[in-house]
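A.B. asks: Just dropping this structure here.
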Amino acid sequence: MGCKAFSTVLFAWLVVGNAPGILGLWERSSLARHIGWQDTRSHADLAQLIRRNGYGVEQHFAETEDGYVLGLFRILPSSGSPRKLHTHRPVVLQHGLLDSAATWVVNDATHSLGFILVDHGHDVWLANSRGNTFSRNHTGFSTESDVFWDFSLDDMAAYDLPSTIEYVRRHTDSKDVALVAHSQGGALSLAALASGAIPHGHVSVLIALAPAVYLKYIESVPLQFLASIHADTLFKLAGRREFLPSERQTSDLFSEFCTLAPQQCVSILTAICGFNPSNVDVSRLPVYLAYAPGGTSVKNMQHWGQRVRDAASHVGFSKFDYGDVCDIGGVRVACNQHVYGRLHPPSYDLPAISYRSDDVKIAVLYGLEDKLADPIDIQTLISDLGDRVVFEKGLLGYQHIDFTWSTNAAEDVYGDVLRLLR
């Protein structure tokens, strides 16, 4: 889950209130010095980040069946690398909630998973889910349209990830791909496999890093609070379509705050989702936060709020709940009966992966101090996945965002990823 983005919005709500007005009080020069250029919010700028580390990059666009245009980044070997060509199957890296492809390359070349995989001969593709910074196009609707933002995790599982995988397969002429996914990325990957949205044989291995699937034992007090007061529904009733738009204002402000007051910044991040300061180079927080939040729909956040509440009621990994009101003033509206043909939304049948995708191997790596993907919830997930799980590892001292931010992950986590991809 994109905890850094939740931290950004909580900071904006509780500390500054009106971020655009406060921005005038601070110059952005310190942020610019940290990241090396002014704007980090376009395809060109993420490509520049990759090139600044000595690698080549290709920019691609995959169209989903329902018309969304997803931005993809393919990392090419560095000029000084002995690996001039890709020698292994393609690897798709799928980010988490409110995150983007940038999460895999925000550290230097020796500590970012995207670069490490390329250095070991893998053909690396960075995916982006609909509605984030790099996937804000549609063949029929603009981002000003309500229809554009009418999506949740269900749609990413049904359309985004399958379309991305198919695009990579066709472009590389590969029979299958390997998939590495963090947080929400793990959840939507498992949903896509369980539902059959990803065809049999198209994914050889799924490596799930801190997959946020079951949320019964979630310990993030702010997220529990937001779910309990139905903050997601309040956003929806207020007419908001996009949650944390991918504008620079709030992100820049929080990045600047982390530069000026790193200890307070760490406290906010730790309260919401948790990371271990001994794993993360705190001085790089402004760099990480320059790419967050990536943005998503209010409906997707509504789905997450539902899932936190459902978990408290012992409900499994359910699809979006449209409710039981099917008619408002004589006008037919979406409801569970209309969408699913039943009163309650169905749950994803994760044990079905054993026969729907009996050729895919699944590895689960998780933090033993994770506030979101709690180890108990992870064990329930592993049990449900049965014999598809070929490797599991709980990491002492690891919290949720350590899997992408940590400079120690190159040794603690990415070595296992490389071995599993052989």
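A.B. asks: Would you say ALA192 is surrounded by fewer than 24 Cβ atoms within 10 Å (Cβ to Cβ), at pLDDT 95 or above and either out of contact with any strand residue (DSSP E or B) (no Cβ under 7 Å at 6 or more places or on another chain) or in a loop (DSSP other than H, G, I, E, B) (or both)? Spell out how you get there, then give the answer.
C.D. replies: Values: surrounded by fewer than 24 Cβ atoms within 10 Å (Cβ to Cβ): no; at pLDDT 95 or above: yes; either out of contact with any strand residue (DSSP E or B) (no Cβ under 7 Å at 6 or more places or on another chain) or in a loop (DSSP other than H, G, I, E, B) (or both): yes.
For ALA192, the condition - surrounded by fewer than 24 Cβ atoms within 10 Å (Cβ to Cβ), at pLDDT 95 or above and either out of contact with any strand residue (DSSP E or B) (no Cβ under 7 Å at 6 or more places or on another chain) or in a loop (DSSP other than H, G, I, E, B) (or both) - is not met.
A.B. asks: Residue by residue through the range 106-143, note down the ones that are touching a residue at least 40 places away in the same chain (Cβ under 8 Å) and at positive phi.
C.D. replies: Passing the criteria: only GLY131.
A.B. asks: Report, by residue number, each residue of the range 99-141 that is farther than 20 Å from GLU166 by Cα, among the hydroxyl-bearing types (Ser, Thr, Tyr), part of a loop (DSSP other than H, G, I, E, B) and at pLDDT below 95.
C.D. replies: THR133
A.B. asks: Being closer than 24 Å to ILE218 by Cα, at pLDDT below 95 and surrounded by 14 or more Cβ atoms within 10 Å (Cβ to Cβ): is that true of GLN399 here? Explain how you work it out, then say what you get.
C.D. replies: Numbers: closer than 24 Å to ILE218 by Cα: yes; at pLDDT below 95: yes; surrounded by 14 or more Cβ atoms within 10 Å (Cβ to Cβ): yes.
It is true that GLN399 is closer than 24 Å to ILE218 by Cα, at pLDDT below 95 and surrounded by 14 or more Cβ atoms within 10 Å (Cβ to Cβ).
A.B. asks: Ok, one more. Of everything in the range 194-212, what is closer than 27 Å to ALA409 by Cα and among the hydrophobic types (A, V, I, L, M, F, W, C)? Give them in sequence order.
C.D. replies: First, pick out the residues of the range 194-212 that are closer than 27 Å to ALA409 by Cα: 203-212.
Once the filter is applied, which keeps residues that are closer than 27 Å to ALA409 by Cα and among the hydrophobic types (A, V, I, L, M, F, W, C), the range 194-212 yields VAL203, VAL205, LEU206, ILE207, ALA208, LEU209, ALA210, ALA212.
A.B. asks: Within the range 349-376, count every residue that is under 30 Å from CYS335 (Cα atoms) and crowded, with 21+ Cβ neighbours inside 10 Å.
C.D. replies: 4
A.B. asks: Which residues, counting only those in the range 272-309, are in contact (Cβ under 8 Å) with a residue 24 or more places away in the chain, in a helix (DSSP H, G or I) and open to solvent by 40 Å² or more (accessible area, probe 1.4 Å)?
C.D. replies: ARG284, ARG309
The values are calculated or read from the model by the stated rules, or taken from the named source; none is laboratory data. For clarity, every value in this text was computed on a predicted model and none was experimentally measured. Every residue, glycine as well, gets a Cβ built from its backbone with ideal geometry; the counts of neighbours run over all protein chains shown. Areas reflect the complete protein model, heavy atoms only, side chains present, ligands, DNA and RNA absent. Shrake-Rupley method; radii C 1.70, N 1.55, O 1.52, S 1.80 Å.
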